[in-house]
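First comes the structure, then the notes that go with it.
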Amino acid sequence: MTLKRNRRVLALAGSLAVLPLMLPGVAAAATAPIDLGTLPGDQYSEVNAINEDGVMVGSSTPLETQIKYHAAKWDALGRISALPGLGGEQSKATDVNRGGVAVGWAHKDANWNQAAVKWAPDGTVTALPYLPGGDYAIANAITDGGVIVGAGRAADGTTHAVRWNPDGTVVDLGGLPGGAYANASWITPDGRTVAGTASDAAGNDHVVRWNLAGAITDLSPGNPRSTPEDMNDFGVIVGSAEVNGTTKPVRWERDGRMTWLDWPERDPGWARAVNNAGVAAGGGYLVFGTESPVKWNRAGTRTTLSTERGLGYDIDRLGTVVGLENSIATKWSANGTPTVLGALPGGAYSVATHIAANGTIVGLSDNENDRTHAVYWPAG
């Protein structure tokens with residue numbers, strides 16, 4: 001599972017109460033988080049993806065009124081390097097495959113004209129082609145075989161989901177009839193299934209999937225305003241959909257069926273991640289005004305990991321969940337045992353956002369200067 005959305009991370013950073021790092025009955029991590037730092041002159045950083053070998057990609061940003069992203073890469077030992085852009089000031093890396101090929105976007109000039117890009121393992125940058133008549137694109141995910149998916153602007157000004165084949169050719173995946181926006185966020189390792197979001201003619205967002213031939217399927221035709229959050233290697237998707245105006249956690253099966261995950265009727269909740277066994281992690285408001293981390297098994301039955309304030313962000317093949325509890329990064333083993341992962345020295349907030357196949361955990365932490373840096377916890 002690749003880290004794709006950090007807006008909720010940033011929201012939680014400002015909304016969760018600051019509590020002591022150690023809580024009764026909770027184990028402390030054997031190692032503190034390691035600061036991944038920033039590029040020279042920058043103040044903030046984040047990791048957006050990590051591959052099976054521990055190579056990480058994301059961005060580094062300066063301390064400015066307006067956030068400006070600089071694409072960055074970290075090797076498995078946590079050493080940072082800049083990924084080159086296309087001549088403009090901003091860029092961001094969004095995913096990296098097993099071979100170390102990264103994808104993302106970069107501005108081409110001072111006017112923020114943006115292209116989807118890929119970076120070779122040595123950092124060489126290549127702009128991916130636009131759709132015919134288009135002038136904007138973003139790459140979100142890449143397979144080990146080099147198939148890339150994302151979104152691009154078409155000649156009529158609408159945004160379409162896009163696939164780039166390994167030879168660099170661009171394929172227009174389109175969107176829903178009458179819709180003005182579609183974005184492909186995930187692709188299965190075999191390249192046969194692509195998933196993302198598309199709007200309908202009324203502007204409502206739907207969870208959608210494309211097959212190898214590029215045909216689109218609306219997975220939430222009766223539930224507009226649905227949001228996908230993750231897809232596993234077999235094409236199972238998790239996220240949320242609205243019921244009577246309240247957000248509820250959902251899993252979309254391989255055959256397209258929508259399964260409502262167990263959640264109290266009165267409260268909002270959402271699923272954030274899913275592993276290859278179909279076990280999901282996420283959270284929601286189980287206690288009034290407080291988000292709590294949870295896990296759902298394959299049958300959709302919920303296990304509450306904590307009634308304290310927090311959220312589950314990712315889950316590995318063993319069922320280990322990572323996220324945060326009481327503003328501090330936390331890991332829950334498959335049987336639900338929590339381990340506090342800690343924060344950087346002087347920091348009062350941290351979150352674990354992703355756990356890689358080799359057990360490496362990445363996330364964010366404040367430091368003593370109140371700057372948020374990408375961090376990681378080595379496997380073991």
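The values are calculated or read from the model by the stated rules, or taken from the named source; none is laboratory data. Predicted model only: the values in this text are computed from it and were never measured. Neighbour counts are summed over all protein chains in view; Cβ atoms, including those assigned to glycine, are modelled from backbone coordinates with ideal geometry. Remember, those area values only see protein heavy atoms, side chains included, never the ligands or the DNA or RNA. Shrake-Rupley method; radii C 1.70, N 1.55, O 1.52, S 1.80 Å.
Here are a few things to note about the model shown:
- Residue within region 265-284 that is part of a strand (DSSP E or B) and touching a His at 6+ places or on another chain (Cβ under 9 Å) present: yes
- Pairing residues of region 210-230 that are more than 24 Å from Ala281 (Cα to Cα) and in a loop (DSSP other than H, G, I, E, B) with residues that are open to solvent by less than 30 Å² (accessible area, probe 1.4 Å) and modelled with pLDDT of 95 or more, at Cβ distances under 6 Å and at least 6 apart in sequence or on separate chains, gives Gly214/Leu173.
- Annotation note: Cβ proximity below 6 Å between a residue of region 153-180 that is over 16 Å from Val103 (Cβ atoms) and a residue that is of a type in the set (Phe, Trp, Tyr) and open to solvent by 40 Å² or more (accessible area, probe 1.4 Å) (sequence gap 6+ or interchain) occurs for Arg153/Tyr136; Thr159/Tyr181.
- Tally of residues being open to solvent by 10 Å² or more (accessible area, probe 1.4 Å) and either hydrophobic (A, V, I, L, M, F, W, C) or at pLDDT below 95 (or both) across region 324-334: 1
- Entry remark, region 180-191: residues being out of contact with any Lys or Arg (no Cβ under 9 Å at 6 or more places or on another chain) and either open to solvent by 10 Å² or more (accessible area, probe 1.4 Å) or of a type in the set (A, V, I, L, M, F, W, C) (or both) number 6 in total.
- Strands (runs of 3 or more DSSP E) (entirely within region 294-374) containing at least 1 residues that are in contact (Cβ under 8 Å) with a residue 60 or more places away in the chain: 310-315, 321-325, 328-332, 338-340, 350-355, 361-366
- Elements of the type strands (runs of 3 or more DSSP E) sitting completely within region 45-141 and holding at least 1 residues that are surrounded by 21 or more Cβ atoms within 10 Å (Cβ to Cβ): these cover 56-61, 70-74, 91-96, 102-107, 114-119.
- Matching residues, region 244-264, being of a type in the set (D, E, K, R) and not in a loop (DSSP other than H, G, I, E, B): Lys248, Arg251
- Breaking point among (1) part of a loop (DSSP other than H, G, I, E, B); (2) within 18 Å of Val162 (Cβ to Cβ), for Ala198: (1)
- The residue pairs whose first member lies in region 21-50 and is at positive phi, whose second member is open to solvent by 40 Å² or more (accessible area, probe 1.4 Å) and at pLDDT 95 or above, and whose beta carbons are closer than 6 Å, counting only pairs six or more residues apart or on different chains, are Gly37/Ile80.
- Matching residues in region 247-282 - criterion: being surrounded by fewer than 17 Cβ atoms within 10 Å (Cβ to Cβ), within 22 Å of Val208 (Cβ to Cβ) and basic (Lys, Arg): Arg254, Arg257
- Scanning region 159-179 for residues that are closer than 28 Å to Gly222 by Cα and either surrounded by fewer than 17 Cβ atoms within 10 Å (Cβ to Cβ) or at pLDDT below 95 (or both) yields Asp172, Pro177, Gly178.
- In region 283-304, the residues that are more than 20 Å from Val351 (Cα to Cα), of a type in the set (Gly, Ala, Ser) and surrounded by 15 or more Cβ atoms within 10 Å (Cβ to Cβ): Gly300
- Residue that is most open to solvent (accessible area, probe 1.4 Å), among those in region 195-240 that are over 25 Å from Gly152 (Cα atoms) and at pLDDT below 95: Gly222
- Here region 305-323 is the region considered, the condition is being of a type outside the set (Gly, Ala, Ser) and in contact with a Pro (Cβ under 8 Å, 6 or more places away or on another chain), and the residue that is surrounded by the most Cβ atoms within 10 Å (Cβ to Cβ) is Val321.
- Candidate set: region 147-158, residues that are out of contact with any Ser or Thr (no Cβ under 9 Å at 6 or more places or on another chain) and open to solvent by 20 Å² or more (accessible area, probe 1.4 Å); chosen: the one farthest from Gln114 (Cα to Cα): Val147
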